[in-house]
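Shown next, in structure tokens, is the structure this report addresses.
The values are calculated or read from the model by the stated rules, or taken from the named source; none is laboratory data. Because the structure is a prediction, the values reported are computed rather than measured. Neighbour counts are summed over all protein chains in view; Cβ atoms, including those assigned to glycine, are modelled from backbone coordinates with ideal geometry. SASA here: full protein model, heavy atoms, side chains in, ligands and nucleic acids out. Shrake-Rupley method; radii C 1.70, N 1.55, O 1.52, S 1.80 Å.
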Amino acid sequence: MESAAGDDTAAAVKVCIRLKPLFQRESGEPPAVHWKQDEQSLCQIDGTKSFSFDRVFHAGESTQTVYDEVAHSLVLSTVQGYNGTIFAYGQTSSGKTYTMMGSKLSPGIIPLTVHKLFKVIEGVPNREFLLRVSYMEIYNENVTDLLVKQKGKPLEIREDIQRTVYVADLNEEVVATFEDAMAWLRKGEKNRHYGETKMNEHSSRSHTIFRMILESREKNDGSMPESIDEAVKVAHLNLVDLAGSERASQTGAEGVRLKEGCNINRSLFVLGQVIKKLSDGQTGGFINYRDSKITRILQNSLGGNAKTVIICTITTDALEETVSTLQFASTAKFMKNTPHVNEVLDDQAMLKRYRKEIMDLKNRLEKNQIKCNSELTPVQNWED
């Protein structure tokens, strides 16, 4: 198996920028460009502001390149038992959903990640894996299950005795192949909220989290007796498509669209606040995770036990909105996470429960076989 680079906490948070291609305006005038870049920095053409990041991807670089350079090592880590989160942040119509979901001709970060995950697992023959997926949406600050057609009450966010945050009653489907996982992703996409605005005819009106839970344990080659006491590695991989920040004056939003935009902006504002507090170097202070559903659900990924990749999307013909995104990204660079391998020794791991059930069934079958054999009437010796 390929080795995961950068398992130290210093490399636990990566922040990169992706530039959206500029398109010719209907008037025929070339778009005004306010920014210039190299591989690790962006600065205003007039020299007023300058920012540096782990990587800056220019408009001609593919999503595959983005995945290879900033996301691939995180995927390798999840197979080893580390939690991971990848999300894109930026203003509406800056290319976030295209980056995360992609198109038929150019797969996004989410399908590329899922595909590679199964490929990596194939290269680990000495471990057995159990994978399951869930797909949730945060729309107008209500959490719903995208894998369920009939929408009931919004789902509640809870915390267990280990202080792990989870979404109660969220469906988790076991998957065995890349095709299985993508089928559930496509099903969830059909239930997601999209809408038309002046800036984007297919605008995301919600945040979504496609989550993969990987459980693994050492395979028994038959030379040792079966045991259920071995530790199981359990990793959560969150693939997040955030809705974009927007101004009503630019999107022409009113009514339902205006309400959606207000909730999107508020949750992104809280996300920015949380990251700012996590990045200022102070410890022990109050962090307002509970002020938004997205920050509460991703609490473990923000300053916690996870490796996190943040992809900020911008357009070089925008000025104020791009400055805002770059300031968010620049702050996030200083966020410190403390990832570690997650091992479970109790029945919380589904793989352990399945193994226990199989062993119980085997034992019962063996006992029944012995009982049946003992109850058989001995055959008389015909010579007697």
Residue under evaluation Asn363, criteria (1) at pLDDT below 90; (2) in contact with a helix residue (DSSP H, G or I) (Cβ under 9 Å, 6 or more places away or on another chain), criterion not met = (2)
Answer yes or no: is there a residue in the stretch 312-321 that is open to solvent by 50 Å² or more (accessible area, probe 1.4 Å), modelled with pLDDT of 70 or more and assigned to a helix (DSSP H, G or I).
-> yes
What number of residues within the stretch 143-198 satisfy the criterion of being open to solvent by 50 Å² or more (accessible area, probe 1.4 Å), modelled with pLDDT of 90 or more and of a type in the set (Ser, Thr, Tyr)?
-> 2
When the stretch 324-335 is examined, which residues are found to be more than 13 Å from Ser52 (Cα to Cα) and more than 22 Å from the chain's Cα centre (by Cα)?
-> Ser324
Wholly within the stretch 22-102, strands (runs of 3 or more DSSP E) carrying at least 1 residues that are touching a helix residue (DSSP H, G or I) at 6+ places or on another chain (Cβ under 6 Å) | 50-52, 55-57, 84-89
Identify all residues within the stretch 105-133 that are in contact with a Lys or Arg (Cβ under 7 Å, 6 or more places away or on another chain) and modelled with pLDDT of 95 or more; write none if there are none.
-> Val133
Between residues in the stretch 320-335 that are of a type in the set (Gly, Ala, Ser) and residues that are assigned to a helix (DSSP H, G or I), which pairs lie under 6 Å by C-beta distance while being six or more apart or on different chains?
-> Ala332/Ile275
Report yes if Lys49 is under 20 Å from Thr325 (Cα atoms), surrounded by 13 or more Cβ atoms within 10 Å (Cβ to Cβ), of a type in the set (Lys, Arg) and touching a Ser or Thr at 6+ places or on another chain (Cβ under 7 Å), otherwise no.
-> no
